[in-house]
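The values are calculated or read from the model by the stated rules, or taken from the named source; none is laboratory data. Quick caveat: nothing in here was measured; it's all calculated off a predicted structure. No Cβ is skipped: glycine too gets one built from the backbone with ideal geometry, and neighbour counts run over all protein chains shown.
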Amino acid sequence: DAKTTQPTSMDCAEGRAANLPCNHSTISGNEYVYWYRQIHSQGPQYIIHGLKNNETNEMASLIITEDRKSSTLILPHATLRDTAVYYCTPRQNSGGSNYKLTFGKGTLLTVNP
Amino acid sequence: NAGVMQNPRHLVRRRGQEARLRCSPMKGHSHVYWYRQLPEEGLKFMVYLQKENIIDESGMPKERFSAEFPKEGPSILRIQQVVRGDSAAYFCASSPNGGLATGELFFGEGSRLTVL
């Protein structure tokens with residue numbers, strides 16, 4: 001599995017965009033980039049995933065570089081409830097053992113009023 | 001909106017006792033996954049079960065830990081003769097099918113085990 005590097009922590013002002021980077025330079029061609037988050041004392045929550053095209057859903061946007069070695073999760077208008085640890089994890093999307101999610105330390109995003 | 005239900009949310013055990021953690025998957029989901037999150041560490045896969053079958057237990061410690069998902073009732077993660085190192089948050093997740101075609105796992109709120 002590809003290794004990931006994320007900043008330990010980030011701050012963002014309420015209402016502003018939060019841009020969370022992730023380096024995954026060893027990602028393989030058939031691995032998607034998944035993002036989950038974990039609000040304090042709760043279970044992980046799926047946010048978004050993508051392969052090589054940029055993706056957007058009701059929660060966030062995902063920008064993947066052309067070489068796929070890094071990606072950025074964008075929360076367009078951060079709210080206080082977005083304060084959480086955000087995890088980036090490359091994973092195969094079909095067959096095999098793609099349920100073996102493994103999170104590293106992630107990025108603690110603190111949204112300030 | 002019945003999500004993945006785990007109980008108990010908090011469990012305290014003394015060393016040597018048994019801990020039983022229960023997980024009811026989302027309605028319509030027949031695949032259950034257990035993960036462990038040690039204090040200040042990331043999430044790690046333990047075991048994947050379908051009804052009455054263990055599909056993958058490669059993340060389970062070799063001793064004292066077992067899991068089941070009977071035909072009727074919730075999935076159970078059982079830890080025998082608990083030790084302090086078992087203190088952690090145990091998360092259950094479910095999905096409607098194997099292979100995770102949509103890529104999304106639905107997690108419960110977790111069961112926090114404290115071993116004294």
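Here are B:L11, B:L105, B:L38: which of them is modelled with pLDDT under 90, farther than 15 Å from A:K100 by Cα and not basic (K, R)?
Going through B:L11, B:L105, B:L38 in turn, just one is modelled with pLDDT under 90, farther than 15 Å from A:K100 by Cα and not basic (K, R): B:L38.
Being within 14 Å of chain A (Cβ to nearest Cβ) and touching a Ser or Thr at 6+ places or on another chain (Cβ under 6 Å): is that true of B:L43 here?
When the stated conditions are applied, B:L43 does not pass them.
Among strands (runs of 3 or more DSSP E) lying entirely in the range A:43-92, which contain 2 or more residues that are within 13 Å of another protein chain (Cβ to nearest Cβ) and within 10 Å of the chain's Cα centre (by Cα)?
In the range A:43-92, A:45-50, A:84-92 are the strands (runs of 3 or more DSSP E) which contain 2 or more residues that are within 13 Å of another protein chain (Cβ to nearest Cβ) and within 10 Å of the chain's Cα centre (by Cα).
Tell me which strands (runs of 3 or more DSSP E) are completely within the range B:1-43 and hold 1 or more residues being touching a strand residue (DSSP E or B) at 6+ places or on another chain (Cβ under 9 Å), within 26 Å of B:K71 (Cβ to Cβ) and among the small types (G, A, S), or say none if there are none.
B:19-24
Can you spot a residue in the range B:62-85 that is under 24 Å from A:R91 (Cβ atoms), assigned to a strand (DSSP E or B) and modelled with pLDDT under 95?
No: the range B:62-85 contains no residue that is under 24 Å from A:R91 (Cβ atoms), assigned to a strand (DSSP E or B) and modelled with pLDDT under 95.
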